[in-house]
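Since the structure comes first, as structure tokens, the remarks are kept for the end.
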Amino acid sequence: DVKLEEEYLVPVLRRELDILDEELSRYPATVLEQTVSHFSGLTICLVRSVTEGGKSLPGLQSMEEMQAYVFLPAGPDLPEALHRELYHVMETRILSKSTALYRWDEENPQPFQYGEAVPEAYLTGETQAFLDEESTTSSREDQARVFARAMLPGGAELFKAPGLHGKLTLLCQGIRGAYGLKKSPEVFHWEQYLKEPLTP
């Protein structure tokens, strides 16, 4: 039931391609190469809109046989959508090569089950444990949204909340473990809001 509307305006496509180029440059080439190595290929598609059941979606990741696709609507939310949907491609490697994310639920308020409504206190302020209500639907979506927000500017205050900072730490540990980066002295872009660097 997903419908894709084509973006055909050349100035819009050029602008969005420039943004994609800038955002993808934040990833080490080895991370992108190792991510794609799990599939026959990865195609990023710029579209005008993605809708499902008449509802507009901010982006979509899908698979056809072993080919991975990321569909991104043009517009101001493109950077966040790219990082969120690209994480859904990366998670195949992260979950198969690292055990860090198996401790993810320990960072959630207790008792909590994904799919349940959460009090407003867990969505704002010092007790914030989820970025938004969509993050409470599944651990995969929670992880993707934490990763995407960590890639964007202006998140320092947000990741001061212990719950979100704990999740970001696990995510960063998982990525380092999965991509052979444990001994790298580099502070990667998604690690910019950690209180202490994971560098050796």
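Some observations on this one:
- For the stretch 45-127: rounded, prolate or oblate by the Cα gyration tensor [a/c cutoff 1.5]: oblate
- Put the Cα centre of the stretch 150-179 next to the Cα centre of the stretch 51-82 and the gap is 23 Å.
- Here, the stretch 1-66 is characterised by an Rg to Rh ratio of 1.01, where Rg is the alpha-carbon radius of gyration and Rh the Kirkwood radius.
- For the chain, the tally of Lys pairs with Cα-Cα distances below 27 Å comes to 13, considering only residues 8 or more apart or on different chains.
- Helix 139-150 and the longest principal axis of the C-alpha atoms of the chain enclose an angle of approximately 80°.
- Choice from E134, E65, E91 showing the highest fluctuation, given a GNM over the chain with Cα pairs closer than 10 Å: E65
- One quarter of the convex hull surface built on the alpha carbon atoms of the chain amounts to 11.8 nm², the projected area averaged over directions.
- Treating each Cα of the stretch 83-198 as one equal point scatterer and applying the Debye formula with no solvent, the log10 of I(q)/I(0) at q = 0.12 Å⁻¹ comes out as -0.38.
- Principal-axis tilt of helix 10-24 within the chain, Cα atoms, nearest 10 degrees: 30
- Percent breakdown of C-alpha pair distances by 5 Å bin, ordered from the shortest bin, for the stretch 135-200: 3, 18, 30, 26, 17, 6, 1
- Between amide H atoms placed 1.01 Å from N, distances below 5 Å from L60 occur with F71, all of them 5 or more places distant or on a separate chain.
- Qualifying trypsin sites (Lys or Arg not before Pro) for the stretch 1-95 [loop in DSSP, other Cβ within 10 Å: at most 15]: R26
Taken together, the values in this text are just the output of simple stated rules run on the coordinates, not laboratory data. Note that the coordinates shown come from a computational prediction; the quantities given were computed from them, not determined experimentally. Every residue, glycine as well, gets a Cβ built from its backbone with ideal geometry; the counts of neighbours run over all protein chains shown.
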